[in-house]
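One structure is given here, and the rest of the page talks about it.
The values are calculated or read from the model by the stated rules, or taken from the named source; none is laboratory data. Everything quoted here is computed from the prediction, not taken from an experiment. Note that each Cβ is placed from the backbone with ideal geometry, even for glycine, and that neighbours are counted across all protein chains shown. Surface areas here come from the heavy atoms of the whole protein model, side chains and all, with no ligands, DNA or RNA. Shrake-Rupley method; radii C 1.70, N 1.55, O 1.52, S 1.80 Å.
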Amino acid sequence: GRRGPPARAAPPRKRAKSDEVRVGRRCFVGNLSWGTSWQDLKDHFRSAGTVVHAKIMEERPGRSKGCGIVEFETPEEAACAIETLNDSDLGGRPINVREDREDRALKCNNGGGGGGGGG
């Protein structure tokens, strides 16, 4: 039996930065006080590493949803932030910090506990 040519599996080439999936470098932050700005978020998270981007989610302009996203330069810094800043105090409230898994469709309100994340 002659075997045909091997299926053409593309070699695992590095992709351009712009398409790079940023999983692992971003943290989702919940339970923010309404008055917290992206600048407060960035300042607070700076202790864990280099913050590339910080954003407060808004229901409408000027109206915070009470949650945000912080993106670090490396996954290690993000892990450090989750480790050290989860349950830390920001604006008088204990904040929740976890890995952002692109699941921001989950309503980030101050309500109940998180559902389990299947993989």
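Part of a strand (DSSP E or B), of a type in the set (A, V, I, L, M), open to solvent by less than 50 Å² (accessible area, probe 1.4 Å) and in contact (Cβ under 8 Å) with a residue 60 or more places away in the chain: does that describe VAL29?
Taking the combined requirement at face value, the residue satisfies it.
Name every residue in segment 53-94 that is under 19 Å from ASN31 (Cβ atoms), part of a helix (DSSP H, G or I) and either touching a residue at least 40 places away in the same chain (Cβ under 8 Å) or open to solvent by less than 30 Å² (accessible area, probe 1.4 Å) (or both), in order of residue number.
The answer is ALA78, ALA81, ILE82, LEU85.
Kindly establish whether SER47 is assigned to a helix (DSSP H, G or I) and surrounded by fewer than 18 Cβ atoms within 10 Å (Cβ to Cβ).
Criteria met by SER47.
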